[in-house]
Structures are given as structure tokens and as C-alpha cells.
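The values are calculated or read from the model by the stated rules, or taken from the named source; none is laboratory data. These figures come from a predicted structure and were not determined experimentally. Positions of Cβ are backbone-derived with ideal geometry, glycine not excepted, and every protein chain shown enters the neighbour counts.
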Amino acid sequence: MSQLSDSVCDAFANEYRARAAELHQWVDPLTDEQFWRNPFTHGNSVGHLVLHLTGNLSYYIGARIADSGYIRNRDLEFTETREPTKTEVLRKFDDIIASVIATIDKQSESDWGAAYTAERDTTSKNRFDVVLRCASHLYHHIGQIIYLARELQKS
């Protein structure tokens, strides 16, 4: 592998590790009830956002790059009423983060430029694009989770 490819893999893997640690920093102190409660009349609960992040990474990187066979039900990520335990949801999130990092570590210089297509993604042209977009998406929703966690911890 080239030095540039090694640097890209390391930077992406470190970013995903850091974002997962940040998510845990804010989510771990929440009770199961807080995890699923939305303190506002709009938006989503922390639980639904974690389901969404897990689904997003499982599809765009897991299914489309790692060929995991994952079938996404995006709507359910926001409407799940079963409310699995916080522990179960976080385990699945941690599993996909580990899978994303393993997938990143396997990319060669030519893999980063490999053509990429996926449903609901009209802008990513290659694997580098989608791994970057997914990292940005993760960062965006962790910001929402931080905001929700702060509000939930007030009560």
C-alpha cells in the first residue's frame, strides 16, 4: 500500500474511532428511558438517531463496499416503536463502527477510487467520497445527540 493510502486509512479509522468515543461519552450516562425520549416536540430521540447512524453505515459502507448483505429499512430507523435496550442498540453501533474500520483498513490505493453507487446517494462517485460523506454524516448527528443529551440530563 502507498504512503498516501496508508495515511488516508489511518485518518479515516481514527475519525470513526473518535466519533464513536464521543457518541458514547454523551449516550452512556443516559437511562434507557432517556435514550428513547425526545425532549422536544420535533426531531428524534437519541435512540432513533443511533439506529439511523447504524443503518446508514451498515448500508453505505457495510453493504455497498464490504458486501455484507445488509438490507436497510431507513424509515424504521426513525419510527421504531419496539425500543430495544440502549445496550443492544449501542452494541450494534459499535459492531458497525468496527466493521467500517476493518473495511477502511482493507482499502488499497486503487480501491479508494473505485466507482461507487447506492440508493439515495447521487453525489458519491467513489469509495473515498462515501467514506468521507459517512464520517461527516456521523459528525452531524453526534452534534444533535450532544444537544439532546444535554437537555435530557437537565431533567
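Scanning the stretch 1-35 for residues that are closer than 20 Å to Leu152 by Cβ and aromatic (Phe, Trp, Tyr) gives Trp26, Phe35. Exactly one residue among Arg37, Arg64 is modelled with pLDDT of 95 or more, within 30 Å of Phe128 (Cβ to Cβ) and among the basic types (Lys, Arg), and that residue is Arg64. Among residues of the stretch 92-110 being among the polar types (S, T, N, Q) and either in a helix (DSSP H, G or I) or within 11 Å of the chain's Cα centre (by Cα) (or both), the one that is surrounded by the most Cβ atoms within 10 Å (Cβ to Cβ) is Thr103. Residue count for the stretch 26-75 satisfying the condition of being assigned to a helix (DSSP H, G or I), more than 12 Å from the chain's Cα centre (by Cα) and among the aliphatic types (A, V, I, L, M): 3. Is it the case that Val89 is at pLDDT 95 or above, surrounded by 20 or more Cβ atoms within 10 Å (Cβ to Cβ), closer than 23 Å to Asn38 by Cβ and touching a helix residue (DSSP H, G or I) at 6+ places or on another chain (Cβ under 7 Å)? In short, yes. The set of residues in the stretch 138-155 being surrounded by 13 or more Cβ atoms within 10 Å (Cβ to Cβ), of a type outside the set (A, V, I, L, M) and over 14 Å from Glu22 (Cβ atoms) consists of Glu151 alone.
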